[in-house]
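Before any comments, here is the structure.
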Amino acid sequence: MRYFLRRTGFFAATLWAAITLNFLIPRLQPGDPAEAIVQRLRGQSQAVDPAQVAAVRKMLGAPEGNLLQQYAGYLSTLVRGEFGVSYTYFPYSVTHMIGQGLLWTVALVGVTQILSFVIGTLLGAWAAYRRNTRVDSVITLGSTFVGTLPFFWLALLLIYVFAVTLNWFPEGGGYGGGSSPGWTWLFFSDAVQHSVLPALSLLIVGPIGWIIGMRNNMVQTLGEDYARLARARGLSRPRIALTYGARIAVLPNVTGFAIALGGILGGTVLVEQIFNYPGLGRMMFEAVSNRDYPLMQALFLFITIGVLVANFLADVLYGVLDPRVRKEVAA
Amino acid sequence: MTAELSAAQASGASRLPGWFVILWRNRKCRIGLILLAAFTLVAVLAPWLSPYAPRDDSYAASATPSAAHWLGTTARGEDVFSQLLYGARTSLIVGLAAGTLSTVVGLVIGLTAGYLRGVVDEVLSFFINLALVVPVLPLMVTLAAYSPVKGLWLIIMVISVTGWAYGARIKRSQIITLRTRDYVTAAKFAGDSTARIIAREILPNMTSLVVVGFMGACLGAIGGEAGLAFLGLGDPATTSWGTMLNQANSGGAMLTGQWAWLVAPGVAFAGLMIALTLINFGVDALSNPHLRED
Amino acid sequence: MRRRTLAGIAAASVVLLAGCTGTEGAARDTPAADGMIGFLDYGDFGGGAEPQANYNPYLDATRLGATDYLFERLMLFNTYACAPQPWLATAYEWTDPRTLAFTIRQGVKWTDGQPFTAKDVAFSYNLIKQHEALDTQGLGRYLEAVDATADTVTMRFKSAGASVFTLAVNVPVVPEHIWSKVPDPVTFVNADNPVGTGPFTVKAMNRQQLTIARNPGYWQADKVKVQEIRFHKADAQGAVEQLKLSRGSYDHNAMFVPDIKKAFVDRDPKNNHYWYPPGGTISFYMNLTKPPFDDVAFRKALTTAFDHRTIIDKAQLGYVKQASQTGLVVPGQEAWLPQGVQDQGRIGYDQSAADAALTAAGYRKDAEGHRLGKDGKPLAFTFKTPSGWTDWMSAAQIIVKNLQALGFDVDLETPTPETYERDRAIGSYDTLFGVHGGSCNMFRNFSEPLSADQSAPVGKKALSNFVRWNDEQTEGLLEELRVATDETAQKQAVAGLSKIMVDEVPMIPIWYGAKWFQYRTSKAVGWPNERDTYAGPGDNLLIVTHLKPA
């Protein structure tokens, strides 16, 4: 029980810290969002009109009261689930904007994460099963080397080869300008066509962690006493590998997967930025560079909560599955 | 990770200070060390090796590779090859500095938490766990975008601030198991000070863990710098492989067909990463008998 | 950074190539009637990476670009030559210096069929007067009242209104019968069939593409030969945009391209063209509250110190022109130049002249070549430029090199853009770049950088007089210009102010920022260019009423 209480306490404390950090970041910044907006609108080589800045400032509204009052106001709006109005998309609300990007990110990254996990775990298990053979070294060395390539560079090369040179896929975007978003087959196939390259880039680097993790775990479990005993009892190799090796070795990967799913939203900035994919990662980057504080705060909070919840669930799951953990942490 | 830990514990007590010799014996690791030495040499000798100054923009813009410019020129008329050589400097400096910084921070916090336990541990562990769950990339982006100054050291700070926690957690667990060992207890009874016990009895047994952690931090830092620079959050005045890729992308390298400008920084980056990864193989094998090569 | 600000806001995705998915292509083209252009492909339409429907013409910061084609104004300015053209108003008259009367065009209809009247005009002006957030030009503080009688709209200003004429004609007019029912016009996005008087209506919009279609009931429909305009969302990095531009996917765009000749013009020299007319003036700003910058002889000596040619060719890729010391944007505003100004006020680079002038002004060089102040100490100061604005950075490096060649100890500092802007506003700098002028409102062109009421003590935020110029003669001329309703009086005041720029050197103009404008003539001709300057790059309605099928 104490273990679960501690995890809940940690969850709450971290959440509070993230929320407070979120509140502070915009207030530590120099510069005025209204000025930044007008400057961006006018371009760097045009003079900024003070009247326009005044109008935009009026439009956005300024926070009132001292820091403590602002903090209290901020907390109470959060509790009510109000994140305010986006600066970049005024007068659309932050909640509306997150709704616009959420499905895209979840679809692209969710699918590729699951595929990466499956592919990675299978390849890792295969490598462990055939350990110290050519298969093993091809898989481990190959994935290690691919893992050293910078992701954004791979993505650029994919665009260069498949979109710019061969013209097989579009260079980026979530769907074409001529299609009308909706639950139609036409739109769906268009969206799929657009997501091939980003998904491919994620699938090249995605499975690597799972491959290495699965292989090492399984090599270890196959070396444990019970696996040796099974071998002595004359069980077949594939059967040992499956029941004594893979089944146990996959456990840490499963909890790792829970955490990875929670991290989906935070890890998509690069891929969405490069492929101009209309998800939350690019929205986050845009919000940061536009000083769209309300949108940035909400996205950051969203991302942190995703990670926290996933970690919390993984911890609890682990505690339920493996009583040793509870004792260890409580000790 | 568990495997690593137990192995580190097993080998910890008996390892010789000549770990470099052991690393050298490992074939993969040896290749890595030679590669790394080559990169270091290029980085140190960049001013003498490169044919032009990396920011000298007095050449024809957007040129494809030629005898005068082996990898062509940028959209501003700078020599790509010279930039590539100088980029090795930036990457190594970032790797070394941010790797050291986050290792030291992780070590200090991990050691303090693990050795003192109690309230100190509670507080420090909270911060470690907090830093572990905060989404790193968004945090890096935010910090880099909003800092009042830009520059290489900012990037190093940002990477260190976001990257120390993992090492701290591992080191904390390691010291918790080490501090109950007989020789530590003996030293305590002998009246040795805490600092002395940590320095003389505990640290030597953590060398491999620290080295592994350091290599990991270097890898992460070099990748982090490249990513931030690619997103345009680096210092555009610094020549790094990330800024090169950023400028190649925005400078129309695809448009003008300058594949060399686009490919070279990525290949160089991958080469350095491979060098570090190969060395890591050796270090891993050193501390983890399960992974040791036959 | 620069690419984003110039190409029009950090932006979004890229549209598929025609034929990639079968959802776009010839099948969707509107068939072109005789003498018509079927459709044109334009560049970005604003609204951020995930544009949301927003056709509120007053929400400058977030509305979509198509709004310019939906709503019209009383008069339009050719922003290149600064000549006003009658539009929804057919004529105007100053009945006294505080009263301006417009005759409203007859026979104009809203796109929902209702007639357009003078009352709609008065309603729109009163709307921005009531809602400060919608008044992006700050017109409200000058306006006392706006009334409509039959076909006349009368504006009454709080004081002499001549200086705000360009603002007074530039308010989008919205239909009273719709907007009077809107509860809060500040948060009104006008997304469902926006009703305007303009030549186009919204046809379709998604986050990648915005399509507007010709309004057949437009009051000068005979001049609009374009059936449809398709705006395409730009990508964030601009690389793909450049690629599409070079492939001829855009009939018109306004974006930065690193090597426009190679990347665009040479791909199809017959059809691909660009025209980059000058915008605002980018000047070398000196903090006039500090020595030696408070010495006019010192400032004057520096006017020949900067190597414009290298800045223009290297830092600005040859896209810009050298700026005139007069503060005017030439050649567009050459009619305003005072008599007897050489080469339209452009001052050549002459390092030895600068050297001699500095020495003559009492700033000697010592034996080691250090330039000394009047107190005999070496002169050391900083030049600031925002990090990430790469073209300014290159220009700054050349400026610093030029200054160092004269023996100054100059440090280049690169704070973030936000810190830079704050430092500039509060006067915490020695020297840096500033942008001023370039609009069609001469009063604002000179009052913003030079007027005392736009300044503030060092440490306080100045509105736009960042050099902190404070001069009685300037104030007098600005006041003359503010109230002058006839052109002769206006020109006289502007000539006086230009002379102050040349003689007293409050700042040293270096180059004019370029306005990007690329166009293709394969489908449409009649685009504005250096030979046919009927419009500036942003004057969309002027341009679209001039386009003809190729």
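The values are calculated or read from the model by the stated rules, or taken from the named source; none is laboratory data. Quantities reported herein were computed from a predicted structural model and do not represent experimental measurements. With ideal geometry, Cβ positions are generated from the backbone for all residues, glycine too; neighbour counts draw on all protein chains shown.
Would you check if C:Gly538 is modelled with pLDDT under 95, crowded, with 23+ Cβ neighbours inside 10 Å and within 30 Å of C:Gly238 (Cα to Cα)?
Here the answer is no, as C:Gly538 does not meet what is asked.
In the range C:377-396, what residues are modelled with pLDDT of 90 or more and assigned to a loop (DSSP other than H, G, I, E, B)?
Hits for the range C:377-396 are C:Lys377, C:Leu379, C:Thr385.
Out of C:Gln227, C:Gln209, which single residue is of a type outside the set (Val, Ile, Thr) and in contact with a Pro (Cβ under 9 Å, 6 or more places away or on another chain)?
Exactly one residue qualifies, and that residue is C:Gln227.
Among what's in the range A:264-296 and is assigned to a loop (DSSP other than H, G, I, E, B) and at pLDDT 85 or above, pick the residue that is farthest from A:Val111 (Cα to Cα).
It comes out as A:Asp292.
Any idea how many residues of the range B:113-157 are at the interface with another protein chain (Cβ under 8 Å from one of its Cβ atoms) and of a type in the set (Phe, Trp, Tyr)?
Final tally of qualifying residues: 2.
Tell me whether the range C:129-141 contains one or more residues that are among the hydroxyl-bearing types (Ser, Thr, Tyr) and more than 18 Å from the chain's Cα centre (by Cα).
The answer is no; no qualifying residue exists.
Say we look at the range B:162-204 and pick out the residues that are of a type outside the set (Ser, Thr, Tyr) and not in a helix (DSSP H, G or I); which of these is modelled with the highest pLDDT?
That would be B:Trp164.
Filter the range C:307-337 for residues that are without any contact (Cβ under 8 Å) to a residue 24 or more places away in the chain and of a type in the set (Asp, Glu); which is farthest from C:Val502 (Cα to Cα)?
Once the filter is applied, the top-ranked residue is C:Asp313.
Identify all residues within the range B:178-196 that are touching a residue at least 24 places away in the same chain (Cβ under 8 Å) and β-branched (Val, Ile, Thr); write none if there are none.
B:Thr194
Which numbered condition in (1) aliphatic (A, V, I, L, M); (2) in a helix (DSSP H, G or I); (3) over 30 Å from B:Asn205 (Cα atoms); (4) out of contact with any helix residue (DSSP H, G or I) (no Cβ under 8 Å at 6 or more places or on another chain) is the only one that B:Met140 fails?
Unmet condition: (4).
Restricting the range C:484-535 to residues that are in contact (Cβ under 8 Å) with a residue 40 or more places away in the chain, assigned to a loop (DSSP other than H, G, I, E, B) and small (Gly, Ala, Ser), which is surrounded by the fewest Cβ atoms within 10 Å (Cβ to Cβ)?
C:Ser522
Which condition number in (1) within 14 Å of chain A (Cβ to nearest Cβ); (2) closer than 30 Å to C:Asp44 by Cβ; (3) touching a strand residue (DSSP E or B) at 6+ places or on another chain (Cβ under 8 Å) is the one that C:Val171 fails?
(3)
Could you list, in sequence order, all residues of the range B:45-76 that are in contact (Cβ under 8 Å) with a residue 40 or more places away in the chain, more than 24 Å from C:Ala239 (Cα to Cα) and among the hydroxyl-bearing types (Ser, Thr, Tyr)?
Of everything in the range B:45-76, nothing turns out to be in contact (Cβ under 8 Å) with a residue 40 or more places away in the chain, more than 24 Å from C:Ala239 (Cα to Cα) and among the hydroxyl-bearing types (Ser, Thr, Tyr).
Being more than 19 Å from the chain's Cα centre (by Cα), outside any helix (DSSP H, G or I) and over 25 Å from C:Asn402 (Cα atoms) is the filter here, so list the residues in the range C:323-355 that pass it.
Listed by number, the residues that qualify are C:Leu337, C:Pro338, C:Gln339, C:Gly340, C:Val341.
Could you list, in sequence order, all residues of the range C:59-79 that are in a loop (DSSP other than H, G, I, E, B) and either at positive phi or at pLDDT 95 or above (or both)?
Once the filter is applied, which keeps residues that are in a loop (DSSP other than H, G, I, E, B) and either at positive phi or at pLDDT 95 or above (or both), the range C:59-79 yields C:Phe71, C:Arg73, C:Leu74.
Residues are listed down the side, and each one gets a yes or a no for (1) assigned to a helix (DSSP H, G or I); (2) touching a strand residue (DSSP E or B) at 6+ places or on another chain (Cβ under 7 Å); (3) surrounded by fewer than 21 Cβ atoms within 10 Å (Cβ to Cβ); (4) modelled with pLDDT of 85 or more:
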residue	(1), (2), (3), (4)
B:Glu225	yes, no, no, yes
B:Ala229	yes, no, no, yes
B:Leu245	yes, no, no, yes
B:Ala248	yes, no, no, yes
B:Met254	no, no, no, no
B:Val263	yes, no, yes, yes
B:Phe269	yes, no, no, yes
B:Ala275	yes, no, no, yes
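Go through (1) within 12 Å of another protein chain (Cβ to nearest Cβ); (2) within 30 Å of A:Pro33 (Cβ to Cβ); (3) in contact with a Ser or Thr (Cβ under 9 Å, 6 or more places away or on another chain); (4) in a helix (DSSP H, G or I) and name the single condition A:Ile98 misses.
Checking A:Ile98 against (1) within 12 Å of another protein chain (Cβ to nearest Cβ); (2) within 30 Å of A:Pro33 (Cβ to Cβ); (3) in contact with a Ser or Thr (Cβ under 9 Å, 6 or more places away or on another chain); (4) in a helix (DSSP H, G or I), the one that fails is (3).
Suppose we filter the range A:269-313 for residues that are more than 9 Å from chain B (Cβ to nearest Cβ), farther than 18 Å from A:His96 by Cβ and buried (at least 24 other Cβ atoms within 10 Å of the Cβ); how many remain?
Matching residues across the range A:269-313 total 5.
For the range C:451-510, name all the residues that are among the small types (Gly, Ala, Ser) and within 14 Å of chain A (Cβ to nearest Cβ).
Once the filter is applied, which keeps residues that are among the small types (Gly, Ala, Ser) and within 14 Å of chain A (Cβ to nearest Cβ), the range C:451-510 yields C:Ser451, C:Ser455, C:Ala456, C:Ala462, C:Ser464.
Could you look through the range A:228-249, keep only residues that are at pLDDT 75 or above and touching a helix residue (DSSP H, G or I) at 6+ places or on another chain (Cβ under 7 Å), and pick out the one that is surrounded by the fewest Cβ atoms within 10 Å (Cβ to Cβ)?
Per the criteria, the residue is A:Arg231.
Give A:Val161, A:Val146 a once-over and let me know the one that is loosely packed, with under 15 Cβ neighbours inside 10 Å and either facing another protein chain (nearest Cβ under 10 Å) or at pLDDT 85 or above (or both).
Within the list A:Val161, A:Val146, the selection yields A:Val161.
Find the residue count for the range C:412-454, including only residues that are of a type outside the set (Val, Ile, Thr), farther than 24 Å from C:Gln325 by Cβ, over 23 Å from the mean Cα position of the chain (by Cα) and not in a strand (DSSP E or B).
Of the residues in the range C:412-454, 2 are of a type outside the set (Val, Ile, Thr), farther than 24 Å from C:Gln325 by Cβ, over 23 Å from the mean Cα position of the chain (by Cα) and not in a strand (DSSP E or B).
May I ask you to verify whether A:Ser76 is at pLDDT below 80 and among the hydroxyl-bearing types (Ser, Thr, Tyr)?
no
Please verify whether B:Arg55 is surrounded by fewer than 18 Cβ atoms within 10 Å (Cβ to Cβ) and within 18 Å of B:Pro265 (Cα to Cα), treating the condition exactly as stated.
It is true that B:Arg55 is surrounded by fewer than 18 Cβ atoms within 10 Å (Cβ to Cβ) and within 18 Å of B:Pro265 (Cα to Cα).
Kindly list, by first and then second residue, each pair from a residue in the range C:338-350 that is in contact (Cβ under 8 Å) with a residue 40 or more places away in the chain to a residue that is of a type in the set (Asp, Glu) and in a loop (DSSP other than H, G, I, E, B), limited to pairs with Cβ atoms under 6 Å and residues at least 6 apart or on different chains.
If the second residue must be of a type in the set (Asp, Glu) and in a loop (DSSP other than H, G, I, E, B), the pairs left are C:Tyr349/C:Asp307.
Among the numbered conditions (1) surrounded by fewer than 16 Cβ atoms within 10 Å (Cβ to Cβ); (2) over 26 Å from C:Thr187 (Cβ atoms), tell me where A:Gln44 comes up short.
Just one mismatch for A:Gln44, condition (1).
Hey, C:Val164 hits all of (1) over 21 Å from the mean Cα position of the chain (by Cα); (2) within 14 Å of chain A (Cβ to nearest Cβ) but one; which does it fall short on?
(1)
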